Amino acid sequence: TAYARVAGGMRLRLRLPPAGSVFVLFSGSITGDVPEPLERVEGKPLVPQEITGPWEVRFPPNRGAPASHVFEKLISWTEVPDDGIKYFSGTAKYLKEFEAPSALLTGDRRIELSLGHLRNVAEATLNGKPLGILWKPPYRYDVTGMLRSGKNELEIEITNLWANRLVGDAKLPREKRVTRITQKVPIGGPLESGLLGPVSLRLKDDANQRE
């Protein structure tokens, strides 16, 4: 019932993520005031807890990239000097162990895992539990009840576009190319790829704020 009648229609407040959409169902009685749509957390809000440190990234075989690479920080694959990673196209798996802040594990709070920015599709698992596929922003998961005290294990599979491999193959002699195409296609690039972050844990209400 958080809406009001105005000349020519209805008035209500919505907060949509980038590229987001919702269905609006009008029911109940019309009120004269439109309250804020978000619940407020009592007391001082907890700041997002960034998951920092190195990430191990594993690449599939026969795609030109090494079996694994340690990223000291989250950057685009295109920024790595190794051409096998710079021009990689496909799915790579990020592996990370971390400890959740004790403040997030107390009380009746809903917690979200934010992946920040990435290119182009993510599929994650936390402590062996699948979180699903994300293909558009905001790249966030509800992980309420999945975090545990002590060590947590996070796996994030990132899939990028084919363009980078095509750009890389164009620089190689035919016998060393990873993929084959029957005609030349003008492709800019290489294109930004991978998990860019920052990856963080936050209260769900905090996650609704602009990244």
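Identify all residues within the stretch 77-132 that are small (Gly, Ala, Ser), over 30 Å from residue 170 (Cα atoms) and either touching a Phe, Trp or Tyr at 6+ places or on another chain (Cβ under 6 Å) or part of a helix (DSSP H, G or I) (or both); write none if there are none.
102, 103
Can you name the condition, by its number, that residue 184 falls short on among (1) outside any loop (DSSP other than H, G, I, E, B); (2) farther than 20 Å from residue 62 by Cα; (3) free of Cβ contacts under 8 Å to residues at least 40 places away in the same chain?
All conditions are met except number (1).
Quick check on residue 89: is it more than 17 Å from the chain's Cα centre (by Cα), within 23 Å of residue 126 (Cβ to Cβ) and either surrounded by 14 or more Cβ atoms within 10 Å (Cβ to Cβ) or not charged (D, E, K, R) (or both)?
No.
Let's see how each residue does on (1) at pLDDT 95 or above; (2) closer than 26 Å to residue 84 by Cβ; (3) of a type in the set (Ser, Thr, Tyr); (4) open to solvent by 20 Å² or more (accessible area, probe 1.4 Å):
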site	(1), (2), (3), (4)
137	no, no, no, yes
141	yes, no, yes, no
156	yes, yes, no, no
166	no, yes, no, yes
169	no, yes, no, no
172	no, yes, no, yes
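The values are calculated or read from the model by the stated rules, or taken from the named source; none is laboratory data. Please read these numbers as outputs of a predicted model, since none were measured by experiment. Backbone-built Cβ (ideal geometry, glycine too); neighbour counts: all protein chains shown. Surface areas here come from the heavy atoms of the whole protein model, side chains and all, with no ligands, DNA or RNA. Shrake-Rupley method; radii C 1.70, N 1.55, O 1.52, S 1.80 Å.
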